[in-house]
Structure formats: C-alpha cells, structure tokens
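Student: Provided herewith is a single structure, encoded as structure tokens, for subsequent inquiry.
The values are calculated or read from the model by the stated rules, or taken from the named source; none is laboratory data. Note that the coordinates shown come from a computational prediction; the quantities given were computed from them, not determined experimentally. Don't worry about glycine lacking a Cβ; one is built from the backbone with ideal geometry, like all the others, and counts go over all protein chains shown. To get the accessible areas, we keep the full protein, side chains included, count just its heavy atoms, and leave off ligands, DNA and RNA. Shrake-Rupley method; radii C 1.70, N 1.55, O 1.52, S 1.80 Å.
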Amino acid sequence: MNGKLFKRAKCAIYSRTFSELEYKQMNQFVQRIENQQQNYKYNLIGLFGILLNREITRDNAFFCSEFVATTLNNGGISIKSKPASLVKPNDLTECDGFRLVYEGQLSTYLSKQRSETVAALSKDSRNNSRFAKLNRIYGKLTKSIAS
C-alpha cells in the first residue's frame, strides 16, 4: 500500500464490531483464499455487471467491494440485501453498525496507524500475533490485486 498505485489515493475507513462467530467465519473464508491465492484473480468483467445492474460472477475472482461483501456474507452480514457481485463501495458505507473512522489521504492514515499500532502492540503482546497475521493476509491480498 506504499507503492505508486496508492501514493495519492484517498480512502474512507469504517469500523464495525463483530461477534466471535462472525469473525471466525470471515477469517476462515479469507484464510481459504490466502491458502489458494494463486487461483484467484481480479474480477474486471464483474465491474461491467455493476454498470448494467446485472450479476456477473466468476469463479475465484472478485472486484474490491465484491470481495468485502462476500467476506461479510460469510460472517452472516448481508449488504442491503444485494448479491455481492452488485455491491458498490458506497453500499458498504450504509451498512448497519458501520461507523466512519477516517476519511482522507491513505498515506496519512497508514502513517497514523503505524504509530498507534506500534504503541498498542508494545502494551499487549497477545494482540501482536493477531495483528501480524491479519496484516500479512491483507498485504498478500493487496499485492495480488495490484499485480
């Protein structure tokens, strides 16, 4: 996320509390993808489905909001009663329980997060392994989407 592709990117970060079961189900889904990441690709064709308001699903392929919606669906959380292949980023902002945490430059957010994370992790080593695992998964997914 520090590469050229994201250098001038703007972002909106949302937060939501999940139950242990929701988290476990979503994490298992992401783990399956991570373990087979060579079989997954970006669903560029699916974006045309959004424009036409028609579902275009492809095996082992997601565009960004489709991936997030599918992950949430695996935790039992649906997005506006829409199929994941028709979920737009703005639909995610309107989900129950989600709250805006940050909006602005991605680089500013990442810098702030690094500082806060280092401080928090030094206080609680239990969170260290959980954060490292999620950070590693996200890093791999970001690299595969960007390439």
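Student: Using the Kirkwood radius over C-alpha pairs as Rh, can you work out the diffusion coefficient of segment 1-115 via Stokes-Einstein at 10 °C, viscosity 1.306 mPa s, in µm² per second?
Tutor: Reported coefficient: 102 µm²/s.
Student: Convert each backbone phi in segment 49-58 into a coupling constant with the Karplus relation 6.51 cos²θ - 1.76 cosθ + 1.60 (shift: θ = phi - 60°), then list the ³J(HN,Hα) values in order as whole Hz, x for Gly and Pro.
Tutor: Karplus values, whole Hz, x for Gly and Pro: x, 4, 4, 8, 6, 10, 5, 10, 9, 10.
Student: Which value in nm describes the separation of the simple spin-label points at Ile45 and Phe18, placed 7 Å from the Cα toward the beta carbon?
Tutor: Taking the two extended label points, one gets 2.9 nm.
Student: Can you work out D for segment 40-100 in µm² s⁻¹ from Stokes-Einstein, where Rh is the Kirkwood radius over C-alpha pairs, the temperature is 37 °C and the viscosity is 0.692 mPa s?
Tutor: 282
Student: Using only the Cα atoms of segment 1-44, what are the Rg and Dmax in Å?
Tutor: Values for segment 1-44 (Cα only, Rg and Dmax): 14.6, 37 Å.
Student: Something else about it: Under 13 Å Cα to Cα from Lys41, which aspartates and glutamates show up? Leave out anything in the same chain fewer than 8 places away.
Tutor: Answer for Lys41, where 13 Å is the Cα cut-off: Asp59, Glu66, listed by chain and number.
Student: Could you work out what % of the accessible surface of segment 1-106 is carbon and sulfur, using a 1.4 angstrom probe and leaving DNA, RNA and ligands out of the count?
Tutor: Carbon and sulfur atoms account for 51 percent of the accessible area of segment 1-106.
Student: Which entries in the list Lys10/Lys82; Lys10/Lys112; Lys4/Lys112; Lys24/Lys88; Lys88/Lys112 go over 21 Å, if you measure between the two C-alpha atoms of each?
Tutor: Over 21 Å apart, Cα to Cα: Lys10/Lys82; Lys24/Lys88; Lys88/Lys112.
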